1. From the list L77, L84, exactly one residue is more than 18 Å from I109 (Cβ to Cβ) and modelled with pLDDT of 90 or more. Which is it?
2. Which residue, of V4, V34, is under 20 Å from S130 (Cα atoms) and either touching a strand residue (DSSP E or B) at 6+ places or on another chain (Cβ under 7 Å) or at pLDDT below 95 (or both)?
3. Right, R72: in contact with an Asp or Glu (Cβ under 8 Å, 6 or more places away or on another chain) and open to solvent by 70 Å² or more (accessible area, probe 1.4 Å) or not?
4. Can you name the strands (runs of 3 or more DSSP E) wholly within segment 1-64 that have at least 3 residues being within 19 Å of V120 (Cβ to Cβ) and not hydroxyl-bearing (S, T, Y)?
5. Mind listing whichever residues of segment 91-122 are in contact with a Lys or Arg (Cβ under 9 Å, 6 or more places away or on another chain) and over 22 Å from G31 (Cα atoms)?
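The values are calculated or read from the model by the stated rules, or taken from the named source; none is laboratory data. As the structure is a prediction and not an experimental result, all values here were calculated from the model. We place every Cβ from the backbone using ideal geometry, glycine too, and count neighbours over all the protein chains shown. Surface areas here come from the heavy atoms of the whole protein model, side chains and all, with no ligands, DNA or RNA. Shrake-Rupley method; radii C 1.70, N 1.55, O 1.52, S 1.80 Å.
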Amino acid sequence: MTKVIARLWYTPGSRIVSLDLLQRRLSENLGCSVEKTETSDLRITAPASLLVRLQNDDKVALEASELSKQIRSASNLKPASDKLNKATRRLDFGAQDDCDPQDPQIKGILTGLTSGLDGVLEDCVNGRLSIAPRAKKSFMQKLLRR
């Protein structure tokens, strides 16, 4: 993977978000062109170029808990801290060195996924955490529908 520009921390709901499901939803709901790589990652080729890696090992929950502890003292980050404390999965987004998660095309993808997965987005380039407004139930159902 190239440079990790963002991480999306989340807790899976009643259904596990697989790469196949994620690929379909990126295409159908967010209008992305997506392909699988030889290393079982996803490559978004349009509207932006991103590599997506699903992290679901035991270390993710420990890392999320550590990040939660680091930000817990900031009152405006309490909702993010609470979500991070429960997170057990993460999507890592890799891109070229000059990519910025605040770029409108990249931000649209990241915001859509953050909202749909009810997660916390960590912007690794700009040092920010954000929670997107919760997706309408119908969008979440579409995201998790198989």
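1. L84
2. V4
3. Details: in contact with an Asp or Glu (Cβ under 8 Å, 6 or more places away or on another chain): no; open to solvent by 70 Å² or more (accessible area, probe 1.4 Å): yes.
Here the answer is no, as R72 does not meet what is asked.
4. 3-10, 50-55
5. Listed by number, the residues that qualify are D97, E122.
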